[in-house]
Structures are given as structure tokens and as C-alpha cells.
Amino acid sequence: ENRPGMPFALNAYQLKILAIIAMLIDHIAWAFVPLNTIQGQALHVIGRLTAPIMCYFLAEGFFYTRNLKKYICRMGVFALISAAAFSFFESGGHLRFVGMGMIYTLFLGLLAITVRLRTNWPRPVQITLVAIFCIFSLIGDWPVLGVLWPYYFALYRGDRKKQFLAFALAGAAEVVYFIRLMALMQPSLWWLQACQAGIFLAIPLLLCYDGTLGGHRGTKWLFYLFYPAHLFILGILQRIL
């Protein structure tokens, strides 16, 4: 399904591979490249592609899955496994709890989608639960946005204008928040958070999505396994280098 005006089409598998590569680049940069360098900023701009793409396909997975309960359980199990890897990496290769990681936040995003689209609970109850999931996400990676982005991608599925408007508004708030926070902490270094604007580069890539899965059935495990594995490896490298 080639969309008018797009130079090429990308399937879900290809976009997920791009997200994985961007994530690896981002985490290598966090581990070994100073943020206050051109190289560091450039690598983190690339790394900002990962979260939007994975949030988008979390929402797509909600509609494609044949067993939502298994999908939720799988996300929950890997959220726990990945928490150890995330903390190990974030602590520079030490064994102490730092946070729950991205899969945990995506797990909460999946719960938010499920509450909104698979229950008949009163709307105030649904919204309250989504807000609670956002609060719980504060100990994860990409807090709040990792819940709201997939939530809005699912809620507005079929209306790409609304999807990306909601994405852009939430993303812009995040970019402004981090730049403003850095400006308050160290006014001359506000630009260190400018790389956060790299999230918007995900929009043209997602607009190339052709609606097909690509890959094969086993590829769904790639991200689940790669995420904790590469964090453990990078954590070890930080410890010994």
C-alpha cells in the first residue's frame, strides 16, 4: 500500500529494525559519548526515533494480536526482565535499581489502550486509570509519553492527522520541558536538550508505513530479547572500559 506522495514504503518489520538500530546508537552514545559534543547530540537525535516508532507499533500490536491477554502478559514479563538490564546499564554496570526501562512504560501504555478500548467503564474511570498509569510510568524510561503516545495512536487509529497531531503536541511539550529544565539548571547549556527534537523525525518514517507486517512470526521476539541483551552488554562494557 504505497501512499501518495511518499517516495517508498516501509513495513512494520523494517521500521522496527530502524528503531532497534537507533536505540543501539542512542545507548552507545549515553555510555561513551559526552552529551555536550556535536557527535553526542547527533547520535541522540538519531536515538530519538526509537520511542515514537515502538509506541506506534505497540498500538498496532493491540489491533493485530490474536490474544490480548497473552500480549499483556508477555509485555509484563519482559518489563520485569528488562528492568534489571536497564538499571544495570543506567548505573554504569553496577547492581542497583535505577528504573524500570522502556518496556515497562510500554506495558503501561498497553494497559491504557486496553482500558480505553476494551472496557465499558465510565469515561471518568477510564481517564483516571490512564492518568494513574502515567504516574506509575515516572519510574520507567520515556515516562508519560510512553503511555500517552501509544494511547493516542490507538485511539485515533485510521485518522493519521489526529494521530500525529496528538503525537506532536505531547512531544513538543516534552521538548520544551527538558530544554526549559536545563535552562533553569544551567542557562548556558540549554542546548544540551535540543536533541530531544529528534522525535519529530519519526513522523516521516511512520508516514511511510504501508500497513503490512513484514518479517516472519518469530521476529516479534526480536525487540523483546534485544532490549535487555544489549543493555546488559553495554553495562558490562561500561564497567570494564
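Quick notes
- Relative to the longest principal axis of the Cα atoms of the chain, helix 50-64 runs at roughly 20 degrees.
- The apolar share of the surface of the chain, taken as the fraction of accessible area on carbon and sulfur atoms (1.4 Å probe, ligands and nucleic acids excluded), comes to 69 percent.
- Look at the alpha carbon pairs under 8 Å that are at least 6 residues apart: their mean separation over the length of the chain gives a relative contact order of 31 percent.
- Alpha-carbon radius of gyration plus Dmax, which is the widest Cα pair, for the range 1-121 in Å: 16.9, 51
- Förster radius 25 Å - calculated FRET efficiency between I38 and I203 (Cβ-Cβ, nearest 0.05): 0.55
- Nearest-ten-degree value, helix 145-155 long axis tilted from longest Cα axis of the chain: 20 degrees
- Highest to lowest packing among 88-96, 67-75, scored as the average C-beta count within 10 Å: 88-96, 67-75
- Debye intensity ratio in log₁₀ form over the Cα atoms of the range 48-117, taken at each q of 0.13, 0.18, 0.21 Å⁻¹: -0.41, -0.71, -0.88
- For the range 144-241: rounded, prolate or oblate by the Cα gyration tensor [a/c cutoff 1.5]: oblate
The values are calculated or read from the model by the stated rules, or taken from the named source; none is laboratory data. Please read all numbers here as calculations on a predicted model, not as lab measurements. In this analysis, Cβ positions are derived from the backbone assuming ideal geometry, glycine residues included, and neighbour counts consider all displayed protein chains. Ligands, DNA and RNA are stripped out before the accessible areas are found, and what is left, the full protein with its side chains, is counted by its heavy atoms. Shrake-Rupley method; radii C 1.70, N 1.55, O 1.52, S 1.80 Å.
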